[in-house]
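A short write-up of the structure that comes next.
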Amino acid sequence: MRRDHFIITGTSRGIGEQLAKILLEQNHMVHGIARGDSTLTEYQNYTHIHYDLSDPMGISTLMDSVFNQIDLHHADMICLVNNAAMAEPLKPIEQCTLHEINRSLQISLIAPMLLTSCFIQLSENVRIRRKIINISSGSGTYPSPDMSVYCTAKAGLNMFSQCVGLEQVRSDNNPVEIIAVDPGMVDTEMQMLAREKRDGEFEMAKYFRHAYQTGQLLTTEALCKHLLQIIEKPFESGKLVKYTEV
C-alpha cells in the first residue's frame, strides 16, 4: 500500500483537521502544525507539532525537525499543504491595530512563503514527487470592504504560487508542483466568525449569514474529498485551481 508524507498547517480544526483525518485513514503519514491541540493524536501515523506561525524566526528549525522524522526513501510523494490562515481583523484598515495587521499577514502569507522555501530546499535531493498546495480563497480575487488584510494575504498567496511555479518550471532537478486552491465557501469556524459579526461592525456579515442560511456552504468533508483528487491530479505549476475543477 502506498504511504505518502503530508505536512499540513492548521490541523487543530476545520479544513486542515478534516484533510489530515482522511489521509490518516488512508494510512498516509501526516505531520500537523498548529498552535492548538489536536484530536488526531489517536492515530499512530500522525505527528503533532505545536507552533505559532505568527513567529517567523523558528520556521526553519521547525521544518528541519519535521524532515528529520521523514523517511523520504520509502515514500512516493511528499506534500506541503499551507492551510492555516487568519480571517481577522474584519474592519476598516484604519481601525486595525499594527499588531492585528502584522499577525494576520504573518500567519496567512509570510508563514506559507517561508514554509515553501524550506520545503523546496530540504527536499531538493530526493527523486520522489513533491507538491505544495496553498489553500487560497475567492477573497484573493474579489475585494471586500472590511477584509483588506485577509484579501491582500490571499491575493499575495496566489501571486506567490504563480511566481514559484514559474521558477520550478525552469528547474531540471525534480521540479516542485505548486498550486493555489480556491476551496469556495466552506462551513468552518472562520465562516462562523464572519457571520456572527454585527452588521454595524462588519458590512459583509449579512452575506456570510445568507450563504449559510441558504445552504451554499460546503462541509469540510465534502471539500476534502475534492482536495484528495487535487492532490493526486497533476496540474501546471503555479495554477490557481478551483475545487470544482475535479
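Figures for the structure shown
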| quantity | calculated |
| --- | --- |
| Unique match (being open to solvent by 20 Å² or more (accessible area, probe 1.4 Å), touching a helix residue (DSSP H, G or I) at 6+ places or on another chain (Cβ under 9 Å), at negative phi and hydrophobic (A, V, I, L, M, F, W, C)) among 115, 105, 166, 157 | 105 |
| Output for region 179-225, where each listed residue is touching a residue at least 40 places away in the same chain (Cβ under 8 Å), buried (at least 18 other Cβ atoms within 10 Å of the Cβ) and small (Gly, Ala, Ser) | 180, 194 |
| Any hit, region 81-96, residues being crowded, with 21+ Cβ neighbours inside 10 Å and not in a loop (DSSP other than H, G, I, E, B) | yes |
| Test: residue 104 is over 19 Å from residue 163 (Cα atoms), in contact (Cβ under 8 Å) with a residue 40 or more places away in the chain and assigned to a loop (DSSP other than H, G, I, E, B) | no |
| Region 18-61, residues that are surrounded by 18 or more Cβ atoms within 10 Å (Cβ to Cβ) and assigned to a helix (DSSP H, G or I) | 18, 19, 20, 21, 23, 24, 40, 59 |
| Filtered residues of region 6-17 (kept if in a loop (DSSP other than H, G, I, E, B), of a type outside the set (Lys, Arg) and open to solvent by 20 Å² or more (accessible area, probe 1.4 Å)) | 12 |
| Flag if residue 173 is at pLDDT 95 or above and open to solvent by 60 Å² or more (accessible area, probe 1.4 Å) | no |
| Residues of region 133-147 that turn out to be closer than 18 Å to residue 224 by Cβ and of a type in the set (A, V, I, L, M), as a count | 2 |
| Filter result for residue 240 (at pLDDT 90 or above and more than 19 Å from residue 13 (Cβ to Cβ)) | yes |
| Within region 78-101, considering residues that are touching a residue at least 40 places away in the same chain (Cβ under 8 Å) and of a type in the set (D, E, K, R), the one nearest to residue 177 (Cα to Cα) | 88 |
| Residue in region 142-154 that is most open to solvent (accessible area, probe 1.4 Å), counting only those that are polar (S, T, N, Q) and modelled with pLDDT of 95 or more | 152 |
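The values are calculated or read from the model by the stated rules, or taken from the named source; none is laboratory data. For clarity, every value in this text was computed on a predicted model and none was experimentally measured. Neighbour counts run over all protein chains shown; Cβ positions are idealised from the backbone, glycine included. Side chains are part of the model used for accessible areas, which takes the heavy atoms of the whole protein and leaves out ligands, DNA and RNA. Shrake-Rupley method; radii C 1.70, N 1.55, O 1.52, S 1.80 Å.
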